[in-house]
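Q: Have a look at this one before I ask anything.
The values are calculated or read from the model by the stated rules, or taken from the named source; none is laboratory data. Since the structure is predicted, the reported quantities are computational estimates derived from the model, not experimental observations. Every residue, glycine as well, gets a Cβ built from its backbone with ideal geometry; the counts of neighbours run over all protein chains shown.
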Amino acid sequence: MKIHRSRLPLLLFFLTAVSTVSAHPGHPSASGIASGFFHPFSGWDHLLAMLAIGFWAAQLGGRARWRVPAIFTGVMALGAVAGHWIGLVPGIDQGAAASVLVLGLLIATATRIPAGAGFALVSLFAIFHGFAHGAEMPATSGALGYGLGFMVASLLLNAAGSGLGFTAARFSTHASRWIGWGFAAAGLAALAG
């Protein structure tokens with residue numbers, strides 16, 4: 001898989017098309033699957049976290065390439081159920097933003113941690129993101145369709161992040177570091193905002 005420099009503007013357009021920096025106030029006037037699908041694209045913290053999960057999984061390699069996104073998505077679904085029933089609680093958005101910062105640091109420093117610790121960390125991040133997804137579900141959306149929508153979108157973003165990770169590794173070791181520092185900076189900005 002080779003990405004040409006001519007596709008960089010397309011990537012930048014995609015990233016600038018996201019409507020908000022860290023909150024998720026505006027959803028498309030869709031319900032069910034479509035509403036759930038568009039939710040991860042409605043805030044930088046969710047979008048970047050999903051990409052960073054895939055990137056870190058690619059960087060870890062081996063079985064982590066599919067286990068990390070699978071665990072993240074599964075635990076995120078459980079967090080969404082809790083968020084739907086409990087509602088938004090203080091600190092959830094900060095936890096989601098912190099996940100982008102931490103994942104960025106892990107990527108930038110090429111940190112390898114034991115599998116169990118990595119899965120626990122990813123699960124913690126997934127709870128924050130899932131809780132936010134569930135708490136922000138529009139009243140007009142069916143929970144099952146909405147959940148399916150944001151899970152599919154999340155997996156697609158994980159796959160895009162994984163592709164970005166593989167591509168960065170082919171360019172140089174510095175490419176992954178710079179991208180990791182970019183994730184970390186965005187997470188820090190979201191925490192400060």
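Q: Show me the helices (runs of 4 or more DSSP H) entirely contained within region 1-102 in which 1 or more residues are modelled with pLDDT of 95 or more. It would help to see each step written out before you state the result.
A: On the way: elements: 8-16, 33-38, 44-60, 64-86.
Counting at least 1 such residues, we get 44-60, 64-86.
Q: I've got another one for you. Going through region 117-147 one residue at a time, which ones are closer than 15 Å to F72 by Cβ and free of Cβ contacts under 8 Å to residues at least 40 places away in the same chain?
A: A117, A120, L121, L124
Q: Could I ask something else about it? For region 86-132, which residues satisfy the criterion of being among the β-branched types (V, I, T) and farther than 22 Å from G147 by Cα?
A: V102, I107, T109, T111, I113
Q: Between residues in region 163-183 that are within 9 Å of F55 (Cα to Cα) and residues that are part of a helix (DSSP H, G or I) and of a type in the set (K, R), which pairs lie under 7 Å by C-beta distance while being six or more apart or on different chains?
A: Close Cβ pairs (under 7 Å, with a partner that is part of a helix (DSSP H, G or I) and of a type in the set (K, R)) do not exist here.
Q: In the list A115, A143, A110, which residue meets the criterion of being within 24 Å of G36 (Cβ to Cβ), touching a helix residue (DSSP H, G or I) at 6+ places or on another chain (Cβ under 8 Å) and surrounded by fewer than 16 Cβ atoms within 10 Å (Cβ to Cβ)?
A: A143
Q: Could you check how many residues of region 125-140 are surrounded by 15 or more Cβ atoms within 10 Å (Cβ to Cβ) and either within 13 Å of the chain's Cα centre (by Cα) or aliphatic (A, V, I, L, M) (or both)?
A: 10
Q: Within region 50-107, take every residue that is of a type in the set (D, E, K, R) and within 22 Å of A168 (Cβ to Cβ) and give me the one that is surrounded by the most Cβ atoms within 10 Å (Cβ to Cβ).
A: Here the answer is R65.
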